[in-house]
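First comes the structure, then the notes that go with it.
The values are calculated or read from the model by the stated rules, or taken from the named source; none is laboratory data. Treat the numbers as computed from the prediction; the structure is a model and nothing was measured. Backbone-built Cβ (ideal geometry, glycine too); neighbour counts: all protein chains shown. For the accessible areas, the whole protein counts, side chains as well, though only heavy atoms, and no ligand, DNA or RNA atoms are used. Shrake-Rupley method; radii C 1.70, N 1.55, O 1.52, S 1.80 Å.
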Protein chains: 2
Amino acid sequence: MPHFKLTIAYDGTGLVGWQRQASGVSVQGLLEDALSELDGREVAVAGAGRTDAGVHALAQVATASLERVIDGHGVVRALNTRLPESVRVLDALEVPATFHARFTARSKTYRYRIWNGDVLPPFESRYVWHVPAPPLDAGAMAQAALLLQGSHDFAAFQGAGTEPHSTERIIFSSSFRPLDDGALAAESARVVGDADRVVGALIAYEICGNGFLRHMVRNIVGTLVEVGRRRRPAAWVEEVLRSRARARAGPTAPAEGLFLVSVDYMQTP
Amino acid sequence: MPHFKLTIAYDGTGLVGWQRQASGVSVQGLLEDALSELDGREVAVAGAGRTDAGVHALAQVATASLERVIDGHGVVRALNTRLPESVRVLDALEVPATFHARFTARSKTYRYRIWNGDVLPPFESRYVWHVPAPPLDAGAMAQAALLLQGSHDFAAFQGAGTEPHSTERIIFSSSFRPLDDGALAAESARVVGDADRVVGALIAYEICGNGFLRHMVRNIVGTLVEVGRRRRPAAWVEEVLRSRARARAGPTAPAEGLFLVSVDYMQTP
């Protein structure tokens, strides 16, 4: 009974998210249906994290066991044949039965992409939050982002509708990074002779932690953008954090800018 | 009566192409409708080149005259408000009435993107031709691409259904280029620990010439890929070119991999 670690990329546009729902197309549902067809019986898939409707993944991780004797390459091929183009299995690695996508995960990294220019290039529209000019205050946002690093109670950044036992999480890193992707968009700008302005328009925030509350990354980004818009000073983020009150934080940033980048594990399977 | 040079980016997915058709959504039709609404009368838009259904543009150029007194920024804003997200006006520059998007164009540059890996990342699926492994012979394709440079009769690469006066065109450059875009896809690969293979999977061909026949770039790419697949030697491309017979060339590469990159003009407006 081979047990597989699956690495999956998906464009979340139009999907109801990772988790199987009563209606709508979910990544988990697509994978379970494809694996069940492959294995000739019901197969359950466990994901590392539940991404919301519209959220993308560069490398989500999931685990599943099959009865059929098949190797990793065979699983990748069989799944990609059955899945829509928007969901691709990048890798299937046979791992010990003790390896579980969620329980053995050490950290997850999310990236949030913002387009801070007047004109949103068509090749970016599915993958960013469009925050038109004036330019965001990058320095203040970077300063504010750092305040979230460490072990904190993130109740202020928790979306409604969930009450986990603890809202304490450890954030290993929280920072803005220079972004060299989105090159199709950048090229358009170069042709217009306005490369600097438009290349600088793509801003990426990255956060790595041992776990995330519901809507936590999007609520953090909505809060950081309030600082970037000079409506609040950077230090306000610490105030919000300490308040533990959702009402104190900024709005929830839209789903389409968010990417689950990677999941790291304690054991290297 | 201000005359504008418009620079336009579009995602051609689902569009019938640049030119207005009896049915379906065209870029020209969208622009003319938006400008007519803005100017309160019928406005005609002339494009630098007619891109086919499904073909994209990083910076297509078009010209149009308005009666209304309005500056470039106003035109950009007014058009983008009226256009769908898949079509964006990047720039509107007031130019002399003698400037015409097509007649004064000196050269056009097209890029064709190929994904030469087994698994096509979801973020690339709308913007590449997926040619699965084995890896294409990059050296042979590069050599074959060079044979097209210069002044030639490109009748062998002309799509059916058009008979221009002359099939002679000057190709200033025809080459493959290292590609650093598609970074979202590359990042997925990096996470899987297979960066080299997958980053190398994105191949871009670029061709710059004084004009292009119908389907010419896509027929050239279909022919170059035959060489890349080792079905024909590089020198065969010269044979095809000399034959002037469409039947001798390779198949037409799909529209979704093609981008109009830029249009250059004799006069700098």
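Taking the options A:Leu90, A:Leu58, name whichever one is more than 23 Å from A:Arg214 (Cα to Cα), modelled with pLDDT under 95 and either within 11 Å of chain B (Cβ to nearest Cβ) or part of a strand (DSSP E or B) (or both).
After ruling out the rest, the residue left standing is A:Leu90.
Among the residues of the range A:124-138, just one is more than 9 Å from every other protein chain (Cβ to nearest Cβ) and either more than 26 Å from A:Pro233 (Cβ to Cβ) or among the hydroxyl-bearing types (Ser, Thr, Tyr) (or both), namely A:Glu124.
From B:Leu35, B:Leu6, B:Leu30, grab the single residue that is within 14 Å of chain A (Cβ to nearest Cβ), in contact with a strand residue (DSSP E or B) (Cβ under 6 Å, 6 or more places away or on another chain) and assigned to a helix (DSSP H, G or I). If you could, list the steps in order and put the result at the bottom.
On the way: B:Leu35 fails: within 14 Å of chain A (Cβ to nearest Cβ); B:Leu6 fails: assigned to a helix (DSSP H, G or I).
When all the criteria are applied, what remains is B:Leu30.
Scanning the range B:237-269 for residues that are crowded, with 19+ Cβ neighbours inside 10 Å and either more than 23 Å from the chain's Cα centre (by Cα) or within 14 Å of chain A (Cβ to nearest Cβ) (or both) yields B:Glu256, B:Gly257, B:Leu258, B:Phe259, B:Leu260, B:Val261, B:Ser262, B:Val263. Scanning the range A:198-214 for residues that are under 27 Å from A:Ala133 (Cβ atoms) and either open to solvent by 20 Å² or more (accessible area, probe 1.4 Å) or within 15 Å of the chain's Cα centre (by Cα) (or both) gives A:Val198, A:Val199, A:Gly200, A:Ile203, A:Ala204, A:Tyr205, A:Glu206, A:Ile207. Taking the range A:146-246 as the region of interest, the helices (runs of 4 or more DSSP H) fully inside it that hold 3 or more residues being at pLDDT below 80 and not β-branched (Val, Ile, Thr) are A:183-192, A:195-199. Residue-level check: of (1) in contact with a helix residue (DSSP H, G or I) (Cβ under 6 Å, 6 or more places away or on another chain); (2) open to solvent by 10 Å² or more (accessible area, probe 1.4 Å), B:Arg50 misses just (1).
Can you tell me which of B:Arg126, B:Arg102, B:Arg113 is open to solvent by 50 Å² or more (accessible area, probe 1.4 Å), modelled with pLDDT under 95 and in contact with a helix residue (DSSP H, G or I) (Cβ under 8 Å, 6 or more places away or on another chain)?
Values: B:Arg102 fails: in contact with a helix residue (DSSP H, G or I) (Cβ under 8 Å, 6 or more places away or on another chain); B:Arg113 fails: open to solvent by 50 Å² or more (accessible area, probe 1.4 Å).
Only one candidate passes the filter, namely B:Arg126.
Conditions: (1) assigned to a loop (DSSP other than H, G, I, E, B); (2) buried (at least 16 other Cβ atoms within 10 Å of the Cβ). B:Gly24 meets all but one. Number of the miss? Only one criterion is unmet by B:Gly24, namely (2). Considering only the range B:63-87, state which residues are more than 10 Å from every other protein chain (Cβ to nearest Cβ) and open to solvent by 20 Å² or more (accessible area, probe 1.4 Å). Across the range B:63-87, the qualifying residues are B:Ser65, B:Glu67, B:Arg68, B:Val69, B:Ile70, B:Asp71, B:Thr81, B:Arg82. Within the range B:114-142, count every residue that is under 17 Å from the mean Cα position of the chain (by Cα) and charged (D, E, K, R). So the answer is 2. Against the numbered list (1) under 21 Å from A:Pro96 (Cβ atoms); (2) of a type in the set (A, V, I, L, M, F, W, C); (3) crowded, with 18+ Cβ neighbours inside 10 Å, A:Leu15 comes up short only at (1).
For the range B:61-85, give me each residue that is over 13 Å from B:Met1 (Cβ atoms) and either aromatic (Phe, Trp, Tyr) or not in a helix (DSSP H, G or I) (or both).
Initially, the range B:61-85 is screened for residues over 13 Å from B:Met1 (Cβ atoms), giving B:61-62, B:71-85.
B:Val61, B:Ala62, B:Asp71, B:Leu83, B:Pro84, B:Glu85, listed by residue number.
Each residue in the range B:9-35 was checked for being among the acidic types (Asp, Glu) and out of contact with any His (no Cβ under 8 Å at 6 or more places or on another chain), and 2 of them qualify. Among the residues of the range A:93-123, those that are more than 10 Å from every other protein chain (Cβ to nearest Cβ) and either basic (Lys, Arg) or assigned to a strand (DSSP E or B) (or both) comprise A:Glu94, A:Arg102, A:Ala105, A:Arg106, A:Ser107, A:Lys108, A:Tyr110, A:Tyr112, A:Ile114, A:Trp115. None of B:Val76, B:Val45, B:Val87 is of a type outside the set (Lys, Arg) and in contact (Cβ under 8 Å) with a residue 60 or more places away in the chain except B:Val87.
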